[in-house]
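Each remark here refers to the structure printed beneath this line.
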Amino acid sequence: MVAYENLNDLQLDVMREIGNIGAGNACTALSVLLGTTIDMSVPRIQLLGYETTTELLGGEDNIVIGLKVEVNGDLDGLMLHVVEKRFAERIINTFYAKEIDNIANLDEMDSSVLNEMANITSGAYANSIATLTSLFVNIGTPNQIPGKVSEIIKLPLNEFVKPGEKVLVVDEEFTIDDEHISSNMILALESESLEKLFSRLGVQL
């Protein structure tokens with residue numbers, strides 16, 4: 001059974017390419033949603049453990065919103081979008097003016113905007129994987145979970161990754177109206193799905 005922890009350089013390059021293509025398509029989809037031009041630097045695609053991921057996302061006590069999107073069909077896993085306060089505020093203010101005091105206490109309309117963002121960008125990632133592999137990749141409805149980074153990132157680790165193993169983290173930096181804003185997406189696939197993914201891409205395990 002393959003795990004992210006055991007990927008070789010070629011397999012890691014494939015995962016990085018999937019992340020790069022997915023992030024580019026997600027940026028385009030986000031630009032359409034917001035009705036404005038969005039630029040994105042080349043995303044960093046990293047294979048990280050729990051502690052390093054926690055540090056990347058601002059420390060274990062940083063309050064964020066986790067947007068959990070299940071992946072099913074020919075592949076099983078999840079995408080976890082980690083949204084910090086400024087990114088959420090910038091997305092919401094594209095539709096209506098509002099200052100966000102506490103990201104953990106968004107109202108129904110605010111949550112709806114973020115869910116739509118997660119749905120569209122997750123769809124862009126899923127379509128990228130489907131196009132590259134000819135697999136059927138479906139996504140579920142975003143499930144919004146506010147809390148500390150230390151708790152949020154346990155979601156993919158507890159469900160799809162064994163203790164001590166790593167996850168694929170896509171670190172993106174968007175430029176929206178001259179403002180630089182970071183966003184992160186964690187991809188965790190079950191080991192059998194990883195095997196199927198590499199098989200379809202012709203990568204030897």
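The values are calculated or read from the model by the stated rules, or taken from the named source; none is laboratory data. All values reported here derive from a predicted model rather than from experimental measurement. Note that we place each Cβ from the backbone using ideal geometry, even for glycine, and neighbour counts take in every protein chain shown.
Only one of the numbered conditions (1) modelled with pLDDT under 90; (2) over 20 Å from Leu155 (Cα atoms); (3) not in a loop (DSSP other than H, G, I, E, B) is not met by Glu89, and that is (1).
So is Leu155 surrounded by 16 or more Cβ atoms within 10 Å (Cβ to Cβ) and assigned to a loop (DSSP other than H, G, I, E, B) or not? Break it down into steps so the answer makes sense when it comes.
On the way: surrounded by 16 or more Cβ atoms within 10 Å (Cβ to Cβ): yes; assigned to a loop (DSSP other than H, G, I, E, B): no.
Criteria not met by Leu155.
If we keep just the residues of region 90-116 that are small (Gly, Ala, Ser) and without any contact (Cβ under 8 Å) to a residue 12 or more places away in the chain, which is farthest from Pro146 (Cα to Cα)?
Of the residues in region 90-116, the ones small (Gly, Ala, Ser) are 97, 104, 111-112.
From what is left, the residues that are without any contact (Cβ under 8 Å) to a residue 12 or more places away in the chain are 97, 112.
Working: Ala97: 22, Ser112: 14 Å.
So, considering only residues that are small (Gly, Ala, Ser) and without any contact (Cβ under 8 Å) to a residue 12 or more places away in the chain, the one farthest from Pro146 (Cα to Cα) is Ala97.
Every test in (1) at pLDDT 90 or above; (2) within 18 Å of the chain's Cα centre (by Cα); (3) surrounded by 15 or more Cβ atoms within 10 Å (Cβ to Cβ); (4) outside any strand (DSSP E or B) is passed by Pro146 save one, and that test is (4).
Of all the criteria given as (1) modelled with pLDDT of 85 or more; (2) crowded, with 17+ Cβ neighbours inside 10 Å; (3) closer than 19 Å to Asn158 by Cβ, the one not satisfied by Gly22 is (3). The residue that is nearest to Ala124 (Cα to Cα), counting only those in region 33-51 that are touching a strand residue (DSSP E or B) at 6+ places or on another chain (Cβ under 9 Å) and in a helix (DSSP H, G or I), is Leu34. Among the residues of region 164-172, is any touching a residue at least 12 places away in the same chain (Cβ under 8 Å), outside any loop (DSSP other than H, G, I, E, B) and more than 15 Å from the chain's Cα centre (by Cα)? Checked region 164-172: no residue is touching a residue at least 12 places away in the same chain (Cβ under 8 Å), outside any loop (DSSP other than H, G, I, E, B) and more than 15 Å from the chain's Cα centre (by Cα).
Considering Ile18, Ile63, Ile38, which residue is over 27 Å from Leu132 (Cα atoms) and of a type outside the set (S, T, N, Q)? Write out each step before concluding.
Values: Ile18 fails: over 27 Å from Leu132 (Cα atoms); Ile38 fails: over 27 Å from Leu132 (Cα atoms).
Only one candidate qualifies: Ile63.
In the condition set (1) outside any helix (DSSP H, G or I); (2) modelled with pLDDT of 90 or more; (3) within 19 Å of Glu165 (Cβ to Cβ), Thr54 is compliant with all but (1).
Counting only residues that are within 14 Å of Gly77 (Cβ to Cβ) and of a type in the set (D, E, K, R), region 131-161 holds 1 of them. With respect to the stated conditions, Ser150 fails to be touching a residue at least 40 places away in the same chain (Cβ under 8 Å), within 20 Å of Ala23 (Cβ to Cβ), in contact with a helix residue (DSSP H, G or I) (Cβ under 7 Å, 6 or more places away or on another chain) and not aliphatic (A, V, I, L, M).
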